[in-house]
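Novice: The structure's right below; bear with me while I get my questions together.
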Amino acid sequence: MSVTAFAPEAEARLALARQVADAVLFEGYVLYPYRASAAKNRLRWQFGVLVPPAWGAATEEHDFQHTECLMEPRADATLAVELRFLRARRRTVQRARPDGGFDTVPELRLADRILVPWDEGTEEHVEAVVRVDELLGDGVTIPFGLPAAEDTEPVLDENGRPVGRMVRRYEETTGALRLSARELDGPYRVMRLTAVVENTSAWTPADGAAADRDAALPRSLVAAHLLMGLSAGSFLSMTDPPEWAKGAVAACRNLHTWPVLAGEPGRADVVLSSPIILEDHPAIAPESPGALYDATEIDEILALRTAALTDEEKREARGTDERAAAVIDLADSMPPEVLERLHGAVRSLREVTGSAPAPAADGFPDEFGVPRPDTPWWDPASDAGFDPGHDRVLVDGHSLGAGSRVLLRPGLRRTDAQDLFLAGRTARVEAVLHDVDGGVHLAVTVEDDPGADIRREQGRFLYFQPDEVTPLEGDA
């Protein structure tokens, strides 16, 4: 077995996958409004937390991840594996005393930030390059350990005078990466690769501290995930395997993690095994201006809301964490053209101008055996026959159109839960809309809604189908 740094070719293949892996590593790291005092930032580390075994036995948290996937390695192939995780570093804040000593304090207020106690996350990784043939049988085990440590950082005021310090403490963290493979029966040379990440810490909770998760976190592997790359050969997709491999894929065991193809689209030599369920070849949106760390983030909303924080809130966010400070600076400095890009992007439409391709003579022109119509499923030119401001629809013998008054009766179909609050309210029809499937929808504004004028100006209406409204007599 060899455990070494990655060769340049392996490093290049994993580089693109690391962009997504970094997002996994810091998913939910610090949540809007990016302040340690925010309630949702008091329970830290939500994804891929591998706790010490003694703590896992006393709780429902896990001390291991188990990944299985299928691969087709070529002769003499090697497997490059990178285990990546965050290590919690506990930070306390101290104020300087006149006698040269220090007192631990809940906060230290500076001109540009407010320093508070916080658990910072430092990136750690374990790398191994192993010949695939060495994985057969019992496989290989790669233990790793990080010793306890402590360091201090002086805190200076705006004039450069020392006013305190930050003390950062690491606890000992140990673990093991276990790799093995087994060749499967069948017409092709396929192996099932097993990769297990374990927290092997001997730490146990103190008496009476069975519920003290804060004590377990500095000894945990946080946001743990694996990147694996073959030097020659390929992995099989676990979400869309070929027909002949579906049974073998279904027999794979994946616990607390899920492997997907990663890296360059069209290639299958890199896998990302993530505690967050992803699709094959996940990618960072090119419009995203930078990491915002908020779980399932929506960049536009977060950027606008972050920029709207008060100066005092921004001071606390800047003192919470360096990454939180970077988010504040990003929101404050984002130019309008970058913010405009966040408003939305369409990636799935295809060009529909010109004549449609003629179907094949056998009626099955595509690789999936699906016949194509003479025209696309949606043609912008077909919209010319509709006029939302003047079209009308017949409901209970009444012709409804823009300006008609109706009584809202949501709930007759699978209605949005928020629409149920509008049951029995009166509304005014603003437009009659038709979708590509032939359905009709009424765009309405609720009467007595103080924001109705704004809705009309922005075109943001509520939508109901004809059988969810009752025409009001004399107003049709």
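Novice: Evaluate E = 1/(1 + (r/R0)^6) for Glu153 and Ala232, where r is the Cβ-Cβ distance and R0 equals 51 Å; express this FRET efficiency to the nearest 0.05.
Specialist: Numbers: r = 46 Å, r/R0 = 0.91.
Between Glu153 and Ala232 the formula returns 0.65.
Novice: Still on this structure: Suppose R0 equals 22 Å. What FRET efficiency, 1/(1 + (r/R0)^6) with r the Cβ-Cβ distance, do Arg182 and Lys246 give to the nearest 0.05?
Specialist: Working from the Cβ atoms, E equals 0.75.
Novice: With N set to the number of residues, divide the alpha-carbon radius of gyration of segment 262-331 by 2.2 N^0.38 Å and report two decimals.
Specialist: In units of the 2.2 N^0.38 Å rule of thumb, it is 1.43.
Novice: Right, here's the next one. Please list, in chain and number order, the residues 5+ apart from Leu136 or on another chain whose amide H is under 5 Å from its amide H, with Hs placed from the backbone.
Specialist: For Leu136, whose amide H was placed from the backbone, the distant partners under 5 Å are Ala181.
Novice: Still on this structure, I have one more. Tell me, which longest segment in the chain has none of the chymotrypsin sites (Phe, Trp or Tyr not before Pro) that fall in DSSP loops with at most 15 further Cβ atoms within 10 Å?
Specialist: Looking at the chain, 1-187 is the longest stretch - no exposed chymotrypsin sites (Phe, Trp or Tyr not before Pro) with at most 15 other Cβ atoms within 10 Å.
Novice: Compute, for the chain, the length of the dipole vector about the Cα centre, with Cβ point charges of +1 (Lys, Arg) and -1 (Asp, Glu) only. Units Debye, rounded to 20. Mind showing how you got there, number by number?
Specialist: Details: 49 positive and 81 negative charges, 232 e Å.
That gives the chain a dipole magnitude of about 1120 debye.
Novice: Amide H neighbours of Ala232 under 5 Å, counting only residues 5+ apart in sequence or on other chains, H built in-plane at 1.01 Å?
Specialist: When sequence neighbours closer than 5 places are left aside, the close amide H contacts are Arg74, Thr78.
Novice: Let me ask something else. Scan around Ser404 for amide H atoms under 5 Å from its own, H built in the peptide plane at 1.01 Å from N, and keep only partners 5 or more places away or cross-chain.
Specialist: Val429
Novice: Another one. Let me check against my output: what whole-number percent is the relative contact order of the chain, with C-alpha pairs under 8 Å and at least 6 apart?
Specialist: 17 percent
Novice: On to the next question. Work from the charge dipole of the chain (Cβ charges, +1 for Lys and Arg, -1 for Asp and Glu, about the Cα centre) and give the residue of His343, Val20, Leu394 farthest towards its positive end.
Specialist: Val20
Novice: With +1 on each Lys and Arg Cβ and -1 on each Asp and Glu Cβ, and nothing else charged, work out how big the dipole of segment 1-102 is about its Cα centre, in Debye to the nearest 20.
Specialist: Numbers: 14 positive and 12 negative charges, 198 e Å.
Dipole magnitude for segment 1-102 comes out near 940 debye.
Novice: Another one. Taking every eigenvalue of the Cα gyration tensor of segment 158-216, multiplying by 5 and rooting it, what semi-axes result, largest first, whole Å? Walk me through the intermediate numbers first.
Specialist: On the way: eigenvalues 427, 91, 15 Å².
Listed largest to smallest, the semi-axes of segment 158-216 are 46, 21, 9 Å.
Novice: Okay, moving on. Between Thr200 and Arg42, what is 0.36 nm times their sequence separation minus the Cα-Cα distance? Round to one decimal in nm.
Specialist: Taking Thr200 through Arg42 to full extension adds about 54.3 nm, to one decimal.
Novice: Using the beta-carbon distance between Leu420 and Ala345 and R0 = 30 Å, what value does 1/(1 + (r/R0)^6) give for FRET efficiency, to the nearest 0.05?
Specialist: Values: r = 33 Å, r/R0 = 1.09.
Calculated value: 0.35.
Novice: Using +1 at the Cβ of each Lys and Arg and -1 at the Cβ of each Asp and Glu in the chain, identify which of Pro265, Leu108, Val30 lies farthest towards the dipole's positive end.
Specialist: Of the options given, the answer is Leu108.
Novice: Moving to a separate point now. So if each residue of separation counts as 0.36 nm, and I subtract the Cα-Cα distance between Arg161 and Ile301, what length gain in nm does that give? It would help to have the intermediate numbers written out before the result.
Specialist: Numbers: separation 140, 0.36 × 140 = 50.40 nm, distance 3.89 nm.
Result for the pair: 46.5 nm of gain on full extension.
Quick note: the coordinates plus some simple rules give every number you see, no bench work behind them. Computed from a prediction, not measured in an experiment: that's the story for all the values here. When we count neighbours, we look across all protein chains shown, and the Cβ atoms used for this are built from the backbone with ideal geometry, even at glycine.
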